[in-house]
1. Only residues in segment 66-85 that are within 10 Å of L25 (Cβ to Cβ) and in contact (Cβ under 8 Å) with a residue 40 or more places away in the chain count as the first member; pair them with residues that are polar (S, T, N, Q) and assigned to a strand (DSSP E or B), Cβ under 6 angstrom, at least 6 apart or cross-chain, and list the lot.
2. In segment 64-82, which residues are of a type outside the set (G, A, S), modelled with pLDDT of 85 or more and either more than 13 Å from V53 (Cα to Cα) or exposed (fewer than 14 other Cβ atoms within 10 Å of the Cβ) (or both)?
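The values are calculated or read from the model by the stated rules, or taken from the named source; none is laboratory data. Note that this is a predicted model, so its numbers are computed, not measured. Every residue, glycine among them, receives a Cβ derived from its backbone with ideal geometry; neighbour counts consider all protein chains shown.
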Amino acid sequence: MTPARNNGQGVRRLADVIGTACRELEQFTGREVDSVTSVRRGDGGWTLCLEVVELERVPDSTSVLGTYETVVDDDGSVIEYERTRRYCRNQTSEVDA
């Protein structure tokens with residue numbers, strides 16, 4: 001795994017934060033990250049929402065996905081994660097409904 005790069009002032013590039021979080025969540029869950037739906041910078045780290053395919057089905061629109069809220073510290077390491085939602089890919093979100 002490549003360490004996250006910074007700009008020399010300890011601030012990580014967003015692409016590095018996302019890449020590290022995705023790789024680590026994939027290691028923890030054994031499942032591939034499908035997409036990143038949000039990223040927020042906070043005191044001492046980052047919070048990301050990562051979508052993971054938990055059950056592949058045919059057709060793909062019926063696959064089951066999980067949303068994982070993932071917290072990454074300023075050193076670039078995932079320090080916690082939690083599945084906050086589980087849904088079929090063809091479902092509209094509560095916001096879109």
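1. Listed pairs, sorted by first residue: V78/T70; Y81/T70.
2. Result: E69, T70, V71, V72, D73, D74, V78, I79, E80, Y81, E82.
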